[in-house]
1. Is it the case that Ile38 is crowded, with 18+ Cβ neighbours inside 10 Å, touching a Leu at 6+ places or on another chain (Cβ under 8 Å) and part of a strand (DSSP E or B)?
2. Among the residues of segment 187-220, which ones are surrounded by fewer than 16 Cβ atoms within 10 Å (Cβ to Cβ) and β-branched (Val, Ile, Thr)?
3. Can you pull out every residue in segment 138-177 that is outside any strand (DSSP E or B) and within 16 Å of the ligand (Cβ to nearest atom)?
4. Among the listed residues Asn103, Asn66, identify the single one that is surrounded by fewer than 24 Cβ atoms within 10 Å (Cβ to Cβ), modelled with pLDDT of 95 or more and either within 16 Å of the ligand (Cβ to nearest atom) or farther than 20 Å from Asn253 by Cβ (or both).
5. Output the residues belonging to segment 202-246 that are part of a loop (DSSP other than H, G, I, E, B), closer than 22 Å to Ala39 by Cα and among the small types (Gly, Ala, Ser).
6. As an exercise: evaluate Gly215 against (1) within 24 Å of Ile184 (Cβ to Cβ); (2) away from the ligand (no atom under 14 Å from the Cβ) and give the number of the one condition it does not meet.
7. Inside segment 257-276, can you point out the residues that are farther than 16 Å from Val52 by Cβ and either among the aromatic types (Phe, Trp, Tyr) or in a loop (DSSP other than H, G, I, E, B) (or both)?
8. Please verify whether Asn111 is within 15 Å of the ligand (Cβ to nearest atom) and farther than 30 Å from Phe221 by Cα, treating the condition exactly as stated.
Amino acid sequence: MSSECSSNCSSCGASCSQRDPKSMIKPQNAKSNIKKVIAVVSGKGGVGKSMVTALSAISSSRMGYNTAILDADITGPSIPHMFGLTDKAMGTEDGMIPIESANGIKNMSINLLLDNESDPVAWRGPILGSVVEQFWQEVVWGDVDFMFVDMPPGTGDVLLTTFQSLPVSGIIVVTSPQDLVSMIVSKAVKMAEQMDIPILGIIENMSYLECPDCGKKIELFGKSHLDEIAAKYGIEILGRIPILPDLAAMADNGDIENFNYDFLDPIMTVLKGIAD
Ligand code: ADP
């Protein structure tokens, strides 16, 4: 790779591995057969990216697909808590064994390895990226139709490593109305183009709160710009999820799999469309 790489291959004559973004993809574990990897990204923390990852995985599993979640949000892992997972992942000769949720979703997360889930992980970017690669290569995932990767917020090291090292089939972007949606989407779109990965769609979370008495929709975080943004970048809107206190409570109680909803139907349609 040229030391002055501008990530613009069309204006560069050098021969390098960056030219083919897929050339750096790492092989999966010998005992894994993962068909599709979906990365769930957001511009900042707290918008509900992990929630959307969990709900997408639950939707996938309910449709009968073998489903897994790789928690790449190493410094802020919340997936095991949402699913009420307390067992620790064990190593075998073949690799680490993921922990299954009540309905059979396979999980790997740093919190399934730490003795105490509230222990902080103070590692720098390259190490965080290598943990994600290890979760990909050293976990015995078995047969998986859809693996959802809960990315850390933003577009830092871990995102880049994941996009380079894992064969990501598509990206789901999660935003909320108070987010700087335009900037995040523009970054995600550029990165996706560079890495040759399609954006499957965008989901707005915490879109509104429905008054339990009169049913009026209150836009707590201001007016949504989702329609304009989606049209500008030609991205499909996969849903608007309201603020649902019950959903927050169930996630908090490790009971997320029992939540019933219909606002993720568009995700199910997209998954069906790309399933092998
Ligand atoms: P992120 O992964 O973007 O940091 P999380 O998915 O961890 O965000 O969500 C942040 C908090 O907001 C969590 O406590 C979660 O339960 C809650 N939450 C997310 N989406 C909703 C929603 N639609 N309604 C109510 N609470 C939500």
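1. Details: crowded, with 18+ Cβ neighbours inside 10 Å: yes; touching a Leu at 6+ places or on another chain (Cβ under 8 Å): yes; part of a strand (DSSP E or B): yes.
Here the answer is yes, as Ile38 does meet what is asked.
2. Ile218, the sole residue that qualifies.
3. Of segment 138-177, the ones outside any strand (DSSP E or B) are 138, 140-141, 151-167, 176-177.
Met151, Pro152, Pro153, Gly154, Thr155, Gly156, Val158, Leu159, Thr162, Ser176, Pro177, listed by residue number.
4. On the way: Asn103 fails: either within 16 Å of the ligand (Cβ to nearest atom) or farther than 20 Å from Asn253 by Cβ (or both).
Result of the check over Asn103, Asn66: Asn66.
5. Within segment 202-246, Ser207, Gly234 qualify.
6. Result: Gly215 passes all but (1).
7. Taking segment 257-276 first, the residues farther than 16 Å from Val52 by Cβ are 258, 260, 272-276.
Selection gives Asn260, Ala275, Asp276.
8. Values: within 15 Å of the ligand (Cβ to nearest atom): yes; farther than 30 Å from Phe221 by Cα: yes.
Yes; evaluated as a whole, the condition is true for this residue.
The values are calculated or read from the model by the stated rules, or taken from the named source; none is laboratory data. Just so you know, these numbers come straight off a predicted model, no measurement behind them. FYI the Cβ positions are ideal-geometry reconstructions off the backbone, even for glycines, and counts take in every protein chain you see.
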